[in-house]
1. What number of residues within the stretch 76-100 satisfy the criterion of being open to solvent by less than 100 Å² (accessible area, probe 1.4 Å) and free of Cβ contacts under 8 Å to residues at least 12 places away in the same chain?
2. Among the residues of the stretch 63-97, write down those that are touching a helix residue (DSSP H, G or I) at 6+ places or on another chain (Cβ under 8 Å) and not in a helix (DSSP H, G or I).
3. Just to verify a result, which residue in the stretch 1-26, among those that are modelled with pLDDT under 85 and touching a helix residue (DSSP H, G or I) at 6+ places or on another chain (Cβ under 7 Å), is surrounded by the most Cβ atoms within 10 Å (Cβ to Cβ)?
4. Which members of the stretch 98-118 meet the condition of being among the hydrophobic types (A, V, I, L, M, F, W, C) and in a helix (DSSP H, G or I)?
5. Condition check: modelled with pLDDT under 85 and either surrounded by 13 or more Cβ atoms within 10 Å (Cβ to Cβ) or of a type in the set (Asp, Glu) (or both). Does residue 29 satisfy that?
6. Could you list, in sequence order, the residues of the stretch 41-75 that are open to solvent by 80 Å² or more (accessible area, probe 1.4 Å) and either aromatic (Phe, Trp, Tyr) or within 11 Å of the chain's Cα centre (by Cα) (or both)?
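The values are calculated or read from the model by the stated rules, or taken from the named source; none is laboratory data. Since this is a predicted model, take the numbers as computed values, not measurements. A quick note on method: Cβ atoms are made from the backbone with ideal geometry, for glycine too, and the neighbour counts reach across all protein chains shown. Just so you know, the surface numbers come from the protein's heavy atoms only, side chains and all, with ligands and any DNA or RNA stripped out. Shrake-Rupley method; radii C 1.70, N 1.55, O 1.52, S 1.80 Å.
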Amino acid sequence: MYQPITKKRLFFPEKGPLFVKQMLAFYEDPKPHFNTLSTIVRGLEEKGYLAHEVYGNTYQYYAIISEEEFRKGTLKNVISKYFNNSYLSAVSSLVQEEDISLEELKQLISEVEKAHDK
């Protein structure tokens, strides 16, 4: 079964520094082509998620931001790209699609109130 290559699948700071060839081992068959994965990794480096060390003629990549920072950045990007920078629109969409329960919505409101009380 084909596995899409996603930033999340590539971004795994808990695994430590890796060469692209090592990253391929984390995929099931059919594995993405080495050049495809290498291009995506370089894109993540350009965006500031990864950096590299040079070993001969190959690069070993490592995370330069935490997984939490990555999550926050990804969420901000989704809100910006799909909801015109409106968190209200994002939550409204979840409510309309019934992907968020009333209990979860109450918890979200409580967390927002706590954050504003600080």
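1. 11
2. 63, 65, 66, 85, 86
3. 10
4. Result: 102, 105, 108, 109, 112, 115.
5. no
6. 55, 59, 68, 69, 71, 72, 75
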